[in-house]
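We did not get these values from a lab; they are worked out from the coordinates using the rules stated. These figures come from a predicted structure and were not determined experimentally. Please note: Cβ atoms are built from the backbone with ideal geometry, for glycine as well, and neighbour counts cover all protein chains shown.
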Amino acid sequence: HLDKLHSSAGGIMVWGAISYYGTCELKFVPTTMNALCYNGILKEAFPHFQSLFNNLKWIYQHDNAPIHTA
């Protein structure tokens, strides 16, 4: 039997993406993630995606988390 450990140390949020061709740099989110923050991360990441896929067609698919549909 294990007791639960309670902590008020907070947390950390990171954003990342993976594909068959490679990964993108993890983005540390310094604030609460909202639609504006999420869009900013995507704008920074998309140029890397284009070079990662050698400008081939690709589809961005999210996991339907609430922030992705904000």
Inset, instruction - Would you pull out the residues with amide H under 5 Å of W58's amide H, same chain only if 5 or more places away, H placed 1.01 Å from N? - result: none
Inset, instruction - For A17, enumerate residues with amide H under 5 Å from its amide H, sequence gap 5+ or separate chain, H modeled in the peptide plane. - result: C24
Legend entry - Orientation-averaged projected area, Cα convex hull of the range 13-69 (nm²): 4.0
Inset, instruction - Would you order M13, M33 from fewest to most other beta-carbon atoms within 10 Å of each residue's own beta-carbon? - result: M13, M33
Inset, instruction - Please sort by residue number the trypsin sites (Lys or Arg not before Pro) in the range 19-61 whose DSSP state is loop and whose Cβ has at most 10 other Cβ atoms within 10 Å. - result: K57
